[in-house]
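Since the structure comes first, as structure tokens, the remarks are kept for the end.
The values are calculated or read from the model by the stated rules, or taken from the named source; none is laboratory data. Predicted model only: the values in this text are computed from it and were never measured. Note that we place each Cβ from the backbone using ideal geometry, even for glycine, and neighbour counts take in every protein chain shown.
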Amino acid sequence: MTPKPPVDEFALSSALDRETLAARYAQAGRIHIPEVLAPESAARLHRALSEETSYNLTVNSGEKYFDLPEAQMRALSPQQLQALTDSAGAGTQKGFQLYYETHRLSESGEPYRDPKSVLAKWVAFLESEDFLSFVRDVTGEPSVAFADAQATRYGPGHFLTTHDDGIAGKNRVAGYVFNMTPFWQADWGGILLFLDKDGQVAEGFVPCFNALNILKVPQPHLVSQVAPFARAKRLSVTGWFRAR
């Protein structure tokens with residue numbers, strides 16, 4: 001029997017079949033991997049994201065990006081928050097637009113800024129050879145050298161419009177989403193959607209708990225807007241697996 005990891009350390013599930021996962025990824029350039037972490041690891045990460053992490057509201061205006069700290073978010077009146085939501089919605093008519101909450105974990109594979117936080121151990125796990133070798137095996141990309149990372153939280157009104165992650169100089173091999181949402185309904189939105197060459201939805205991954213989505217770069221995708229009647233927050237850790 002595989003030993004359980006200590007509560008503040010992280011490990012992949014021992015039941016993952018890398019060869020089967022690699023074959024599935026090769027077919028479409030994307031994959032949904034359920035039960036990816038050991039149960040104790042998934043529970044600990046969820047607690048960190050839901051109870052121990054502060055988030056900034058992140059929104060762009062064209063090429064400029066703004067982060068509104070959580071304290072300022074709480075100070076907004078419902079009317080001010082609606083005005084901000086409406087402004088972000090208007091931005092979708094002009095190009096790429098994002099509007100959701102974030103907490104930066106690692107820009108370029110560097111350690112998390114607070115070494116005493118459990119998130120420091122999570123970042124160390126993402127940069128570990130055990131995890132990165134799993135990613136290389138599944139994606140068939142030996143160039144994967146590190147992962148950047150941010151925690152994300154989507155609530156009502158939040159969204160991410162269509163993009164393909166392809167940015168020159170970033171050396172992004174594949175994007176990823178660690179899903180950490182214990183309960184979600186598809187009609188609440190917040191779905192990771194993939195588009196085909198005609199702009200039709202080819203596939204969608206609904207938010208869930210303890211699942212890893214990996215998607216080859218570049219390919220067009222988006223996160224649909226979270227409905228105003230959603231009764232939970234969409235929690236995840238997202239980023240890119242990158243080459244040097």
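Observations, loosely collected:
- Close pairs (6 angstrom Cβ cut-off, 6 or more residues apart or separate chains): of a type in the set (A, V, I, L, M, F, W, C) in the range 72-85, surrounded by 14 or more Cβ atoms within 10 Å (Cβ to Cβ) anywhere: Met73/Leu57
- Among the residues making up the range 153-201, those that are crowded, with 20+ Cβ neighbours inside 10 Å, aromatic (Phe, Trp, Tyr) and not in a strand (DSSP E or B) are Trp184, Trp188.
- Just one residue in the set Val144, Val118, Val123 is under 30 Å from Val201 (Cα atoms), buried (at least 17 other Cβ atoms within 10 Å of the Cβ) and not charged (D, E, K, R); that residue is Val144.
- The listed residues are Thr53, Thr102, and the only one of them that is among the hydroxyl-bearing types (Ser, Thr, Tyr) and either more than 30 Å from Ala15 (Cβ to Cβ) or assigned to a helix (DSSP H, G or I) (or both) turns out to be Thr102.
- Filtering Ser14, Ser41 for residues that are hydroxyl-bearing (Ser, Thr, Tyr), in a loop (DSSP other than H, G, I, E, B), modelled with pLDDT of 95 or more and farther than 23 Å from Leu192 by Cα leaves a single hit, Ser14.
- Flag for Phe183 being closer than 26 Å to Leu57 by Cβ, of a type outside the set (D, E, K, R) and touching a residue at least 24 places away in the same chain (Cβ under 8 Å): yes
- Of residues in the range 85-99 being polar (S, T, N, Q) and part of a loop (DSSP other than H, G, I, E, B), the one farthest from His163 (Cα to Cα): Gln93
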